[in-house]
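Chemist: What follows is a single structure, and I will ask about it in a moment.
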Amino acid sequence: MAPATRIFHALEAQRGHLFPWLPVCLGAGICLYFALGTEPAPGVLAALAALSGLAGLMALRLPVLAPAFWGVAVLAAGLPLSAMHTRAVAAPVLSWHYYGPIEGRVIGIDRSASDRVRLTLDRVRLDRVPPDRRPGKVRVSLHGAAEGWRPAPGETVMLTGHLSPPGGPVEPGGFDFQRHAWFLGIGAVGYTRTPVVTAVPAETGLLAPLPLLRLRLHVADAVRAAMPGPTGAFAAAILTGDRSGIGEDTLENLRRANLAHLLAISGLHMGLLTGVVFAAFRLALAAVPPLALRWPSKKLAAVGAMGAGAFYLALSGGNVATERAFVMVAVALTAVIFDRRALTLRAVAIAALIVMILRPDSVTGPGFQMSFAATAALVGVFSWMRDREGWMPPRWARPVLAVVISSAVAGAATAPVAAAHFNRIADYGLVANLLSVPLMGTVVMPAAVLAAVLAPFGLGWVGLAIMRPPIAWILGVADRVGGAEGAVTHVVTPPAAVLPLMALGGAAILLWQGRGRWAGLAPVALGAALWSVADRPLVLISPDAGLFGVMTPEGRVLNRARGQGFAAEVWLENDGDGATQAGAHARPGLARTEDGVTFTVAGLSIAHLSGRDAEQALPRACATHDVVILAAEAPAAALPCTVIDRGHLAGTGALGLTLRKGVPTWTPAQDPDARRPWTPGAR
């Protein structure tokens, strides 16, 4: 058969199977928008929108080339769609460090990464800051005298604290909290060590503001009161999304055992809850023959399950992960209502498109990527198995086999994404999930539904009592598996091209029809090869020059054993290094002299100066070293060396030193010329 004929037959085989490629194209356009260094000009966005419309029109006029034109139309639409969403969520961002009185209404209560109670405030008032420059929302962690104080949702509080703009990446190519905070509407973050005072008590009653937040915290407190300890904290987290009672040790063991996903109200929880409600509705209607014969019980059950899912979404706070899970479940249940197959790649594609249109920024996050990778892989594998004859095991073995296959497929699909974002692989995660997930589906979530149904009658404790033993079992599995030696393998952060290559290859394997799908293994293999030779910066410098780290044969050595723990933790994690900050500080590689802390790397002699006498020591250090890192502002006088001071870092953010074709090159975490709405230079 001639090559042209083969290509024609391969393309013909894709007919009817091309719709799932649309979210791939739209996601590519969205990712391209976020990868740009400068915000596209209005004229460029208008041209892309016109190109999208023209390509769509050509797809209608030329059916033979319609798939290519639709791909171009959707990809081009990704950029203006993302730009519109970016402008829609715009809110003032603090542009300087503020210390003074802070007043605002409590709209969120959670815990920070340092396990401190953290308040999210809106209706913010700052001393001597005009209204048009006040952030729409701020986050304040409670330290010192304020620690442990828990206000009521909706009350207006006053405190004295520090606020700063959301920070940028702590290393080149790192996670950009500035961008993350922009899309959350948070314009400043900070802390207080002073007592928090209630200025205006929260309103009460059915018509009071923030009713769902008040209900969520009330339910969480009631669950923890009925089930003291870690089991109650776990139950409150999966029922309401309130993780404030989860201890840091428990959370870390869950992460190490790859069970932390059980805490996030996402696809698993939403699917289990709506599945239980759907089954309960169908059984209840089937138990009444006149209703079962006259009413479409399956469709009514789907409507009831969708309503339960919507309430669960609202109760849990409506975060991005839960919203995404609800969209996926709603698409499946809508298919049931219209007598369509619920779990297909087309349904997954529709859900992905809806989520992308509502929240384009979520595409770059691990939650979106892991959720749709797992769902698409599961649907693809089970669809393939369903279409194969003669292999099905005995009926009694099918539930067990389904659990094993589901855990293995979902784990394999999400492993590269999790490793890339979180720099760890839970080596015993499959075992932990096989021992835990079945209990979540068969006992915990049905008991949660039972507790919700019985709660208005004062009998919610019955469902909670049923939940306690399986939750205790899950936490026990996390303790044993997460605490085992070798439970975690630390992984270096991959180059930026790795995940897109793997995503493209995975999409080809799942979506392409015929043997050509195995061509998707090529980009997956290329991504793995690039990951295996990933380089890390030889030197990293924090945005205030107070912390630096140097790569040595033993791993990265840090100049401080304490302080700036977030940056230190991120650096070591991205190195694929499991050491603590204190352990990294104890490594050899740095020398302490009269010129400060000195080291040599890539042929450069570098000194770090800090403390009261840093500026006075600068001329002497500069005379004997190629580069001086100064944790202060350098004087304007000309010096015979390269000086990296706080003034320089104010424009670049964190710095990394890498070798490019053998030449040492400093790379900024924030391009000084970047002009994105969330970067300081654009404000």
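The values are calculated or read from the model by the stated rules, or taken from the named source; none is laboratory data. This one's a predicted model, so the numbers in the text were calculated from it and none came from an experiment. Note that each Cβ is placed from the backbone with ideal geometry, even for glycine, and that neighbours are counted across all protein chains shown.
Chemist: Within the group Gln670, Gln581, which residue is in the same structural domain as Glu554 (by TED's automatic domain parsing), under 26 Å from Pro495 (Cβ atoms) and not basic (Lys, Arg)?
Modeler: Answer to the selection: Gln581.
Chemist: Return the residue satisfying two criteria in turn: it lies in the range 614-628 and is in contact (Cβ under 8 Å) with a residue 24 or more places away in the chain and assigned to a helix (DSSP H, G or I), and of such residues it is surrounded by the most Cβ atoms within 10 Å (Cβ to Cβ).
Modeler: So, considering only residues that are in contact (Cβ under 8 Å) with a residue 24 or more places away in the chain and assigned to a helix (DSSP H, G or I), the one surrounded by the most Cβ atoms within 10 Å (Cβ to Cβ) is Ala621.
Chemist: In the list Arg150, Arg123, which residue meets the criterion of being out of contact with any Gly (no Cβ under 8 Å at 6 or more places or on another chain), loosely packed, with under 15 Cβ neighbours inside 10 Å and either more than 27 Å from Leu649 (Cα to Cα) or in contact (Cβ under 8 Å) with a residue 24 or more places away in the chain (or both)?
Modeler: Testing whether each residue is out of contact with any Gly (no Cβ under 8 Å at 6 or more places or on another chain), loosely packed, with under 15 Cβ neighbours inside 10 Å and either more than 27 Å from Leu649 (Cα to Cα) or in contact (Cβ under 8 Å) with a residue 24 or more places away in the chain (or both) leaves just Arg150.
Chemist: Here is a follow-up. Any residue that is touching a residue at least 40 places away in the same chain (Cβ under 8 Å) and farther than 30 Å from Asp110 by Cα - is there at least one of those in the range 278-292?
Modeler: Yes, the range 278-292 has at least one match.
Chemist: Now, a different point. Where in the range 521-577 are there strands (runs of 3 or more DSSP E), lying wholly inside it, with at least 2 residues that are without any contact (Cβ under 8 Å) to a residue 40 or more places away in the chain?
Modeler: 548-552, 555-558
This table checks each residue for (1) modelled with pLDDT under 90; (2) in a helix (DSSP H, G or I).
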{"residue": "Val277", "(1), (2)": "no, yes"}
{"residue": "Val303", "(1), (2)": "no, yes"}
{"residue": "Ala314", "(1), (2)": "yes, yes"}
{"residue": "Arg341", "(1), (2)": "yes, no"}
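Chemist: Also, quick follow-up: Do we have Ala650 as aliphatic (A, V, I, L, M) and at pLDDT 90 or above here?
Modeler: Taking the combined requirement at face value, the residue does not satisfy it.
Chemist: Also, quick follow-up: Examine the range 378-391 for a residue that is among the hydroxyl-bearing types (Ser, Thr, Tyr) and surrounded by 17 or more Cβ atoms within 10 Å (Cβ to Cβ), and state whether such a residue exists.
Modeler: Checked the range 378-391: no residue is among the hydroxyl-bearing types (Ser, Thr, Tyr) and surrounded by 17 or more Cβ atoms within 10 Å (Cβ to Cβ).
Chemist: Let me ask something else. Tell me, which strands (runs of 3 or more DSSP E) lie completely within the range 80-148 with 1 or more residues that are of a type outside the set (Asp, Glu) and farther than 25 Å from Ala264 by Cα?
Modeler: Because the criterion is at least 1 residues that are of a type outside the set (Asp, Glu) and farther than 25 Å from Ala264 by Cα, the strands (runs of 3 or more DSSP E) in the range 80-148 that meet it are 98-111, 117-126.
Chemist: Looking at (1) part of a loop (DSSP other than H, G, I, E, B); (2) of a type in the set (D, E, K, R); (3) closer than 20 Å to Phe34 by Cα, which is the one condition that is false for Asp361?
Modeler: All conditions are met except number (1).
Chemist: Give the number of residues within the range 590-601 that are modelled with pLDDT of 90 or more and not in a strand (DSSP E or B).
Modeler: Number of matching residues: 1.
Chemist: If you don't mind, another one. With the requirement that a residue be out of contact with any His (no Cβ under 8 Å at 6 or more places or on another chain), more than 16 Å from Trp678 (Cβ to Cβ) and surrounded by 13 or more Cβ atoms within 10 Å (Cβ to Cβ), what does the range 77-100 give you?
Modeler: Matches in the range 77-100: Ala77, Gly78, Leu79, Pro80, Leu81.
Chemist: Please verify whether the range 346-356 includes one or more residues that are closer than 21 Å to Gly304 by Cβ and in contact with a Gly (Cβ under 6 Å, 6 or more places away or on another chain).
Modeler: For the range 346-356, residues closer than 21 Å to Gly304 by Cβ and in contact with a Gly (Cβ under 6 Å, 6 or more places away or on another chain): absent.
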